[in-house]
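The values are calculated or read from the model by the stated rules, or taken from the named source; none is laboratory data. Remember, predicted model here, so these are calculated numbers, not experimental data. Methodologically, a virtual Cβ is constructed for each residue, glycine included, from the backbone with ideal geometry; neighbour enumeration extends over all protein chains shown. Side chains are part of the model used for accessible areas, which takes the heavy atoms of the whole protein and leaves out ligands, DNA and RNA. Shrake-Rupley method; radii C 1.70, N 1.55, O 1.52, S 1.80 Å.
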Amino acid sequence: MSNTAQRRVLLAAPRGYCAGVDRAVIAVEKALEQYGAPIYVRKQIVHNKFVVQTLEKQGAIFVDETEEVPEGSIVVFSAHGVAPSVHDEARTGKLATIDATCPLVTKVHKEAVRFAEEDYDILLVGHEGHEEVIGTMGEAPERIHLVDGAEDVANVQVRDESKVVWLSQTTLSVDETMATVGELKKRFPLLVSPPSDDICYATQNRQVVVKQIAPETDLLIVVGSKNSSNSVRLVEVGLEYGAKAAHLVDFADEIDESWLDGVTTVGLTSGASVPEILVEGVLTYLAERGYGDVQTVKTAEEHLIFSLPKELRRDLRAEAAGKL
């Protein structure tokens, strides 16, 4: 592509907030409105620096462990889910809980419980140390084995090769997951697949559009935080499918202007925990440098909405009834 060609931005759609993130962030905002500050949140509500900073300014206090929350306080569990032991800790501390776990993560938890009750060995495809993985493994620690990539398959040991099932972290790369599952099926021919795909619809959709724009892209910019698994995967997918360069940034001011040297086409997307205002900031930055032609590339429509956590719905209904 000639450097004299018109500079342009290929703007991926869908991008940004998924239904689970939207629900979790609104849950903290509504809790602050309903009960007043402080509201404690165990771990980052979603993996995004800007979102966490914004909620902190509104009165949310983020903690790493449940025991850090003062007795009798309100604590919100993050979108990534928690192990049953964390609910036990909350009861011990006499804490009121609001569970903002993404319903798609809850689905994986329920699958883990069911297969454990049926005495399967469960092979969980995911990244060691990720909060979602820790929460899922906590549902049946004696039955779940973490498989961190295709190279980890050789290390898996099960009790009965005829009773093995795989599940996955919801925010992985689809390609990476299926490569790992392919290796698992070679080792365990009777491996059972989950009743439905565990990879989050939003994760898949964001990867699909990146795959489409990557071959035309000189530079792919992914807006997202470094601890956001799905954002990191978008960078990897972009490079794998033909982007000449790809970078992850939280904010527009993290862009190194040298990245734009010789670049005609910039691809732009954002992870599933990123508010649109951060993408708009990058678009402004690019427009100021001659990339004013923005072409949206859409590969899917997203209309899914999740209801708020039941604890919030109950209290909001009670408040509304009291005003009648």
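Got a number for residues in the range 87-100 being open to solvent by 10 Å² or more (accessible area, probe 1.4 Å) and either touching a Phe, Trp or Tyr at 6+ places or on another chain (Cβ under 6 Å) or not basic (K, R) (or both)?
Taking the range 87-100 first, the residues open to solvent by 10 Å² or more (accessible area, probe 1.4 Å) are 87-89, 91-97, 99.
Checking which are either touching a Phe, Trp or Tyr at 6+ places or on another chain (Cβ under 6 Å) or not basic (K, R) (or both) leaves us with 87-89, 92-93, 95-97, 99.
Looking only at that region, the number is 9.
How do the strands (runs of 3 or more DSSP E) wholly within the range 11-80 filter down when requiring 1 or more residues that are buried (at least 20 other Cβ atoms within 10 Å of the Cβ) and under 15 Å from the mean Cα position of the chain (by Cα): which remain? Can you show your working first?
Values: elements: 39-42, 60-63, 74-77.
Per the criteria, 74-77.
Name the residues in the range 202-222 that are over 19 Å from L304 (Cβ atoms) and open to solvent by less than 40 Å² (accessible area, probe 1.4 Å), would you?
Looking only at the range 202-222, we keep the residues that are over 19 Å from L304 (Cβ atoms), and these are 210-222.
Once the filter is applied, which keeps residues that are over 19 Å from L304 (Cβ atoms) and open to solvent by less than 40 Å² (accessible area, probe 1.4 Å), the range 202-222 yields V210, I213, A214, T217, D218, L219, L220, I221, V222.
Please specify each residue of the range 178-201 satisfying the condition of being at pLDDT 95 or above and open to solvent by less than 10 Å² (accessible area, probe 1.4 Å).
Listed by number, the residues that qualify are T180, V181, L184, F188.
Could you please let me know if L95 is within 19 Å of L316 (Cβ to Cβ) and outside the structural domain of V223 (by the TED database)? Step through it out loud before you land on a result.
Numbers: within 19 Å of L316 (Cβ to Cβ): no; outside the structural domain of V223 (by the TED database): yes.
Judged against the criteria, L95 is not a match.
Answer yes or no: is there a residue in the range 138-153 that is open to solvent by 30 Å² or more (accessible area, probe 1.4 Å) and closer than 25 Å to R8 by Cα.
Scanning the range 138-153 turns up no residue that is open to solvent by 30 Å² or more (accessible area, probe 1.4 Å) and closer than 25 Å to R8 by Cα.
State yes or no: is G126 surrounded by 20 or more Cβ atoms within 10 Å (Cβ to Cβ) and under 29 Å from F188 (Cα atoms)?
Details: surrounded by 20 or more Cβ atoms within 10 Å (Cβ to Cβ): yes; under 29 Å from F188 (Cα atoms): yes.
The answer is yes for G126.
Give V297, V263, V279 a once-over and let me know the one that is aliphatic (A, V, I, L, M), in contact with a strand residue (DSSP E or B) (Cβ under 6 Å, 6 or more places away or on another chain), open to solvent by less than 40 Å² (accessible area, probe 1.4 Å) and in a loop (DSSP other than H, G, I, E, B).
Working: V297 fails: in a loop (DSSP other than H, G, I, E, B); V279 fails: in a loop (DSSP other than H, G, I, E, B).
Of V297, V263, V279, the one residue that is aliphatic (A, V, I, L, M), in contact with a strand residue (DSSP E or B) (Cβ under 6 Å, 6 or more places away or on another chain), open to solvent by less than 40 Å² (accessible area, probe 1.4 Å) and in a loop (DSSP other than H, G, I, E, B) is V263.
Please verify whether S225 is outside any helix (DSSP H, G or I), among the small types (G, A, S) and open to solvent by less than 40 Å² (accessible area, probe 1.4 Å), treating the condition exactly as stated. Even if it seems obvious, please write down each step before you answer.
On the way: outside any helix (DSSP H, G or I): yes; among the small types (G, A, S): yes; open to solvent by less than 40 Å² (accessible area, probe 1.4 Å): yes.
When the stated conditions are applied, S225 passes them.
Provide a single number: the residues in the range 103-123 that are open to solvent by 20 Å² or more (accessible area, probe 1.4 Å) and either assigned to a strand (DSSP E or B) or closer than 23 Å to L308 by Cβ (or both).
Final tally of qualifying residues: 5.
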